[in-house]
Amino acid sequence: MLGAPGAGKGTQAKLIADMYNIPHISTGDIFRTSIENETLLGVKAKEYMNQGLLVPDELVLELIADRLSQADAKEGFVFDGFPRTIPQAESLTKTLNKINSGIDLAIDVSVPDENIVKRMAGRRACTKCGATYHIVYNPPKVEGICDIDGSELILRPDDEPETVLKRLSVYHEQTKPLIEYYKNSNLLVTVDGTLAIEDIFNTIVKVLGA
Ligand code: AMP
């Protein structure tokens with residue numbers, strides 16, 4: 001899943017993963033869990049994340065290699081927030097080629113910048129499972145509480161307005177070129193991320209031919 005921070009790619013990635021019963025692999029979630037567990041990876045990632053910067057490619061690629069080697073990834077997976085740079089995409093293509101696998105589709109959830117800034121201010125994330133909500137567009141059943149595990153919802157440090165602006169500029173500089181990369185490989189599909197969650201998902205389902 002491609003898209004700016006806050007475009008809703010995580011929400012769609014989870015829905016797709018549930019439908020196909022395959023893992024949803026979010027590098028952001030993996031980093032956040034690592035930070036919470038105070039692992040070496042977490043300590044290294046935190047300094048970049050809290051500034052709105054990308055974690056260096058080597059760290060991300062190491063994590064992905066490890067994640068793809070796990071048994072549940074054998075039948076497929078949905079990547080959310082990975083790849084985020086051209087070197088990551090190139091490395092992924094090579095890694096998958098080696099195991100006679102590949103990317104079926106790169107889905108770009110497209111949302112204009114001005115909508116992103118507004119959306120992020122209303123985003124809330126579960127402190128335990130990482131599920132995300134929006135106070136207006138996708139509210140939890142009980143305000144401030146995660147539907148899935150009952151934990152507290154917070155505004156993530158990297159969703160603070162100043163950091164969001166930095167993340168958006170990093171997105172334009174380093175991640176947006178992936179749209180061209182996957183277009184050139186004939187794998188790109190763009191969906192309108194300003195629509196309602198279920199409408200976006202219905203479009204994706206059609207594209208996937210499910
Ligand atoms: P996300 O939850 O996908 O928005 O990711 C949150 C933060 O984690 C990003 O702003 C980056 O600092 C870091 N991150 C997640 N995925 C990657 C990646 N593929 N490459 C570099 N940094 C990443």
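The set of residues in region 12-35 that are part of a helix (DSSP H, G or I) and either more than 17 Å from Gly76 (Cα to Cα) or within 11 Å of the ligand (Cβ to nearest atom) (or both) comprises Ala13, Thr27, Gly28, Asp29, Ile30, Phe31, Arg32, Thr33, Ser34, Ile35.
Of the residues making up region 15-34, those that are in contact (Cβ under 8 Å) with a residue 12 or more places away in the chain, buried (at least 17 other Cβ atoms within 10 Å of the Cβ) and closer than 19 Å to Ile154 by Cβ are Ser26, Gly28, Asp29, Ile30, Phe31, Arg32.
Considering only residues in region 85-117 that are within 11 Å of the ligand (Cβ to nearest atom) and not polar (S, T, N, Q), the one that is nearest to Thr190 (Cα to Cα) turns out to be Ala89. Within region 85-105, restricting attention to residues that are touching a helix residue (DSSP H, G or I) at 6+ places or on another chain (Cβ under 8 Å), of a type in the set (Gly, Ala, Ser) and without any contact (Cβ under 8 Å) to a residue 40 or more places away in the chain, the residue that is surrounded by the fewest Cβ atoms within 10 Å (Cβ to Cβ) is Gly102. No other residue among Phe82, Phe77 is buried (at least 19 other Cβ atoms within 10 Å of the Cβ), in contact (Cβ under 8 Å) with a residue 40 or more places away in the chain and more than 8 Å from the ligand (Cβ to nearest atom) apart from Phe77. Note on region 76-135: residues that are among the basic types (Lys, Arg), in contact with an Asp or Glu (Cβ under 7 Å, 6 or more places away or on another chain) and more than 24 Å from Ile64 (Cβ to Cβ) total 1. Taking Glu38 as meeting all but one of (1) charged (D, E, K, R); (2) within 12 Å of the ligand (Cβ to nearest atom); (3) not in a helix (DSSP H, G or I), write down the number of the exception. Going through (1) charged (D, E, K, R); (2) within 12 Å of the ligand (Cβ to nearest atom); (3) not in a helix (DSSP H, G or I) one by one, Glu38 breaks only (2). Inside region 1-11, residues that are crowded, with 24+ Cβ neighbours inside 10 Å, outside any loop (DSSP other than H, G, I, E, B) and more than 10 Å from the ligand (Cβ to nearest atom) make up a count of 1. Tell me, yes or no, whether region 143-162 has at least one residue that is at pLDDT 95 or above, assigned to a helix (DSSP H, G or I) and under 19 Å from Arg123 (Cβ atoms). Taking every residue of region 143-162 in turn, none turns out to be at pLDDT 95 or above, assigned to a helix (DSSP H, G or I) and under 19 Å from Arg123 (Cβ atoms). Answer yes or no as to whether Val60 is closer than 22 Å to Asn100 by Cα and either assigned to a helix (DSSP H, G or I) or near the ligand (Cβ under 7 Å from one of its atoms) (or both). It is true that Val60 is closer than 22 Å to Asn100 by Cα and either assigned to a helix (DSSP H, G or I) or near the ligand (Cβ under 7 Å from one of its atoms) (or both).
Scanning region 106-123 finds one or more residues that are of a type in the set (Lys, Arg), more than 25 Å from Glu75 (Cβ to Cβ), in contact (Cβ under 8 Å) with a residue 24 or more places away in the chain and touching a helix residue (DSSP H, G or I) at 6+ places or on another chain (Cβ under 6 Å). Screening the candidates Arg123, Arg32, Arg67 for the property of being in contact with a His (Cβ under 8 Å, 6 or more places away or on another chain) and of a type outside the set (S, T, N, Q) yields one hit, Arg123. The single condition among (1) more than 15 Å from the ligand (Cβ to nearest atom); (2) at pLDDT below 95 that Cys129 does not meet is (1).
Going through (1) more than 16 Å from the chain's Cα centre (by Cα); (2) within 12 Å of the ligand (Cβ to nearest atom); (3) part of a helix (DSSP H, G or I); (4) of a type outside the set (A, V, I, L, M) one by one, Arg67 falls short only on (1).
The values are calculated or read from the model by the stated rules, or taken from the named source; none is laboratory data. Computed from a prediction, not measured in an experiment: that's the story for all the values here. All Cβ positions, even for glycine, are placed from backbone atoms using ideal geometry, and neighbour counts span all protein chains on display.
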